[in-house]
Amino acid sequence: MRLVLVGTSHHHAPVELRERVALDREQAARLARELGEAVCLSTCNRTELYLEAEDVDDAERRAVGALAALEPEVEPALYRLRDEAGALHLFRVAAGLDSLVPGEGEILGQVRAAHEAGNPGLLLDRVFRQALHAGRKVRAQTAIGESPASVAAAAAALAEQVFGELSGSRILLLGAGKVGEHAARNLRTRGAEIVLIANSRTGRPKLEEQLAQADVVVSSTSSAEIVLDAATVEGSRRGRQLLFIDLAVPRDLDPAIHELDGCYLYDIDDLEAIVSETLAGRRGEAARAEAIVAGEAAKFHEWQASLDVVPAIASLRARAEEIREAELLKAEALLRRLDDGERRAVESITAQIVNKLLHLPTVRMKQAAVSADGVIYAEAVRHLFGLGEDER
Amino acid sequence: LAEILFWPVLLFYGEAAVGYLGDARRPGTAGRAATWGVRLGWLVQTALLVVQAAREDGFPWGTWAGSLNLFVWLVVGAYLIWGCRKPYRLLGLAVMPLAAALLVVARAGGGTGIGVRSHYSNLFLVLHVGLVLVAFAGFTLAAALSALYLWQERRLKRREASILRRPAPSLVTLDRLAGRTVAVSVPALTLGIAVGGVRLASEHESVDALVVATLVTWVVWIAYLVLRVRGSTGRHSAYLALAGFALVVVVRLALPAVHFS
């Protein structure tokens, strides 16, 4: 049984093309069932079909046909991978190494959902389980997914550096810019609450009053003037730590706020510098993650190769057991004189002899399976021990 | 046996110090190994103290070197309360090299072996030396937390782009923990000084330089708490904690010869 992968991703196709082959969960499950033993992974960045088949050329043709039926223009943008290369690709995808932002965490859940909705046989089930394991391992053993990858996430992570747990922290949202809303939403997912919303026309007394209740100020108005100055902040700080996130251009918040004791002001450039640094860190961690993924791919290769010799090993062991039982039956007249304990001892000794004789050939065949010699060894064993001749 | 136990303690604490250094450069395995070094070292040091107490049949840490040994154990024990948590591994970088160095000093002064029994009563030593050392261990930890606070605050003020690649405990948490540690330690120091004062009065002994320095230390830490109650937290509070710790260092290392003679 072999693995075939056909698909396209953000590396090969622009969004206009990708969106025409994107499938929702229901459609992906239906397509997988139509293709036989298959799994369809469809996200905003990729649509991939994983098939398990004996005839890989036929499987590949069917997969290409299925995607081309959705959008004929996608065919030149399709990649085709087989066996270990396909498995390695899936492991990289699950680990977030093939994502637009290295190490992003959402993909692992999408791989899990695709596996559950798909129609995997023995091989696909194994490769998807191992991919999920590889993804979890990479996240546990490297810091690839720990640091924020967007300005909004960086703002929320900065707030945690000042306040720790954000539950109970209050946000003052100045203006209704999209970036500001996104940052506030990020803060909310970490437990903070948006208690106040103001804009560039809010008067100073009202602003001071609102500021006195806030821990984090997120600003993104379209005002050409400074909306909040250092004197206003000084008047309402009352010894507390305050974090100011200025996402507006031109800036809304007076740069002198940062000089105040206990006040920390970050503008869009500061946040982008932080994101750029954390992305560099993620790329650095990616090298370690690649090594983990390569290790998992090697394990998959060993497992897949062992499938070639497993039938031969099973036949050999069955044949040996058959001979052992037949010889014991022949000696039944002698064995009848023995008591139950002695009979059990004879049974045990003969079984051990068979096991010990077959142990080394079994190990050697599995080892040979990892290299290219597995099938030759399996054939040699079949020939030497006459396995399967009775059936012929 | 006490001699045999000293070396693994030093080895574990040394490993922890090096491990935390490695963790600061690349967070991960080195930090986990360092935390295990702290745990195991502290357990072995506990065994060392038990052996000392059993052999001495009393309180064997009445000498300056012996009390230093006990002090190290208290500091590491206090650190263990938070040190096992990942965000506080950076604190280990401040605490564990100090612990390892002080342990070596304690050994050089004969504080890790079986010494001569003190002429003071066990009850007095446990109350006086024990309480003062508990307080000093707390102050040491509070100072380490404050140093970490100032470092973290500096990073935020300088808008370091790498700040999220190596996250530290939050400012608010560090400030709160330092304050709580001092709030627990000051009553211990007050009681310890009171017990010593009662003895001085009953024995008609004179006040020495260590007693004066300890009283000054007490005043500084009381001021720390008063200022916090009045709302002066954060950076000012952290600087005051470091000043208080400097006095603890003076009392612990520079003046014991006067007091114990």
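One table, with the values for the structure above:
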| item | result |
| --- | --- |
| Amide hydrogen neighbours beyond the local backbone of A:Arg237, cut-off 5 Å, H modeled | none |
| Region A:237-254 - phi-based ³J(HN,Hα) in whole Hz, Karplus 6.51/-1.76/1.60, Gly and Pro as x | 6, 6, x, 8, 7, 9, 10, 10, 10, 9, 9, 8, 9, x, 5, 8, 10, 4 |
| Stretch gain in nm, segment A:Ser348-A:Arg185, where the contour uses 0.36 nm per residue and the Cα spacing is subtracted | 51.8 nm |
| Tensor-based shape of region A:136-247 (alpha-carbon gyration tensor, a/c under 1.5 rounded, otherwise prolate or oblate) | prolate |
| CD proxy at 222 nm, helix term only [per DSSP H run n ≥ 4: -39500 (n - 2.57); per residue of chain A; nearest 500] | -19000 deg cm²/dmol |
| Degrees between helix A:268-330 axis and first principal axis of chain A (Cα, 0 to 90, nearest 10) | 10 degrees |
| Quotient of Cα Rg and 2.2 N^0.38 Å for region A:214-361, N being how many residues it contains | 2.63 |
| With Cα atoms, 0 to 90° folded angle of helix A:25-34 axis to chain A main axis | 20 degrees |
| Dipole of region B:141-225, positive direction: furthest Cα of B:Ile222, B:Val182, B:Ala147, with charges on the beta-carbon | B:Ala147 |
| Efficiency of FRET from Cβ geometry, B:Arg155 and A:Tyr79, R₀ 60 Å, rounded to 0.05 | 0.85 |
| Fluctuation leader among B:Ser146, B:Ser202, B:Ser185 - chain B, Gaussian network, Cα springs under 10 angstrom | B:Ser202 |
| Top positive-direction residue, dipole computed over region A:164-292 with Cβ charges, set A:Gly168, A:Ala214, A:Thr278 | A:Gly168 |
| Relative contact order computed over chain B (Cα-Cα under 8 Å; 6+ residues apart), in percent | 19 percent |
| R0 of 41 Å, Cβ-Cβ distance B:Ala47-B:Arg26: FRET efficiency to nearest 0.05 | 0.80 |
| Relative frequency of Cα-Cα separations exceeding 27 Å in chain A, percent | 65 percent |
| Of A:Leu329, A:Leu78, A:Ser9, farthest towards positive along the dipole that unit charges on Lys, Arg, Asp, Glu beta carbons give chain A | A:Leu329 |
| Built amide H within the under 5 Å cut-off of A:Ile194, gap 5+ | A:Ile171 |
| Estimated vicinal HN-Hα couplings, Hz - region A:116-126 in sequence order (Karplus 6.51, -1.76, 1.60; Gly, Pro = x) | 5, 7, x, 10, x, x, 4, 5, 5, 4, 4 |
| Unit charges on C-beta of K, R, D, E only; dipole of the protein assembly as shown, Debye | 2000 debye |
| Among beta bridges that DSSP assigns inside the protein assembly as shown, antiparallel share in %, nearest 5 | 50 percent |
| On Cα atoms only, tilt of A:178-189 relative to the major axis of chain A in degrees | 60 degrees |
| For region A:1-158, the Rg and Dmax computed from alpha carbons only, in angstrom | 15.6, 54 |
| Virtual spin-label span in nm between A:Asn199 and B:Ile222, 7 Å along Cα→Cβ | 5.7 nm |
| Span-like helix ranges in chain B, DSSP H, alpha carbon extent 18 angstrom or more, Kyte mean at least 1.0 | B:64-83, B:89-108, B:122-157, B:171-203, B:209-229, B:235-249 |
| Residues with amide H under 5 Å from that of A:Asp267, placed H, sequence gap 5 or more | A:Asp246 |
| Global form of chain B, assessed from the alpha-carbon gyration tensor, a/c cut-off 1.5 | oblate |
| Region A:17-67 - Rg and Dmax from Cα coordinates, angstrom | 10.6, 31 |
| Distance (nanometres) between label positions extended 7 Å along Cα→Cβ at A:Ala326 and B:Ala108 | 8.4 nm |
| Computed E for B:Ala183/A:Arg238 - FRET, C-beta separation, R0 30 angstrom, nearest 0.05 | 0.85 |
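No value in this document is a laboratory result; all are computed from the given coordinates. Model, not experiment: these values are computed from the prediction. Every residue, glycine among them, receives a Cβ derived from its backbone with ideal geometry; neighbour counts consider all protein chains shown.
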